[in-house]
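**Q** Can you keep this structure in mind? I'll have questions shortly.
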Amino acid sequence: MKYWLYNQPTDMRKSYYTLSGIVSNSMGLDPYNGDVYIFMNKSRNRIKLLHWEPGGLVIYSKLLEAGTFGSPSNIHEDEVAGTIEWRDLVMIVEGIIEKPDSRQQRLDRLHSLRK
């Protein structure tokens with residue numbers, strides 16, 4: 001299974017068929033091959049994962065209360081999409097990829113919840 005990060009801002013109102021259309025038309029890939037396709041909005045505070053499982057398409061979604069999702073360093077800004085590793089996806093979703101930018105607010109909130 002591969003994890004594909006779509007490197008363009010995505011309207012989070014999109015659902016199964018429009019996201020699979022992005023996979024087919026913009027990324028040139030097959031949304032029904034079992035890979036996971038990752039989309040983020042322009043503000044980088046919402047993420048959706050599209051995945052084909054036996055029986056149909058599944059969407060996983062997360063909305064942050066504060067801060068933004070990070071981005072892996074192996075995908076360049078001019079690329080439409082690129083593959084990432086499972087550990088990179090986990091680090092993006094959990095906010096572990098630390099950069100001293102707008103995500104600091106999110107990290108501070110996570111630290112305060114642990115106390």
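**Q** Run the numbers on the chain and let me know its relative contact order in percent, using alpha-carbon pairs under 8 Å that are six or more apart.
**A** It rounds to 27 percent for the chain.
**Q** For every helix of n ≥ 4 consecutive DSSP H residues, a contribution of -39,500 (n - 2.57) applies; sum these over the chain, divide by its total residues, and give [θ] at 222 nm rounded to the nearest 500 deg cm²/dmol.
**A** -7500 deg cm²/dmol
**Q** Moving on to the next point. Provide the per residue accessible area, probe 1.4 Å, for the chain, rounded to a whole number of square angstrom.
**A** Values: 7130 Å² over 115 residues.
Dividing the accessible area of the chain by its residue count gives 62 Å².
**Q** Please list the non-local residues whose amide H lies under 5 Å from the amide H of Asn45, H modeled 1.01 Å from N, same-chain partners needing a gap of 5 or more.
**A** Hits under the 5 Å cutoff: Phe69.
**Q** Still on this structure: So which trypsin sites (Lys or Arg not before Pro) in the range 21-62 end up in coil per DSSP with only 13 or fewer other C-beta atoms within 10 Å?
**A** Here the sparse-neighbourhood loop sites are Lys42.
**Q** Lys and Arg at +1, Asp and Glu at -1: add these up for the other residues within a Cβ distance under 10 Å of Trp52 and post the number.
**A** -3
**Q** Something else now. Out of Ile92, Leu63, Asn41, whose Cα points farthest toward the positive end of the dipole of the chain (charges: +1 Lys, Arg; -1 Asp, Glu; placed on Cβ)?
**A** Working it through, the farthest residue towards the positive pole turns out to be Leu63.
**Q** Can you give me the span-like helices of the chain, meaning DSSP H runs with 30 Å or more of Cα extent along the axis and Kyte-Doolittle mean at or above 0.0?
**A** Passing helices, by number: none.
**Q** Hey, another quick one. Under 14 Å from the Cβ of Leu19, count the other residues' Cβ atoms, weight Lys and Arg +1, Asp and Glu -1, and hand me the total.
**A** +1
**Q** Connecting C-alpha atoms closer than 10 Å in a GNM of the chain, tell me which of Ser20, Ser71, Ser61 has the biggest fluctuation.
**A** Ser61
**Q** Give the ranking of Trp86, Trp4 by solvent-accessible surface, highest area first, calculated with a 1.4 Å probe.
**A** Trp86, Trp4
The values are calculated or read from the model by the stated rules, or taken from the named source; none is laboratory data. Remember, it's a predicted structure, so these values are computed and weren't measured experimentally. With ideal geometry, Cβ positions are generated from the backbone for all residues, glycine too; neighbour counts draw on all protein chains shown. Protein only, heavy atoms only, side chains kept; ligands, DNA and RNA dropped before computing areas. Shrake-Rupley method; radii C 1.70, N 1.55, O 1.52, S 1.80 Å.
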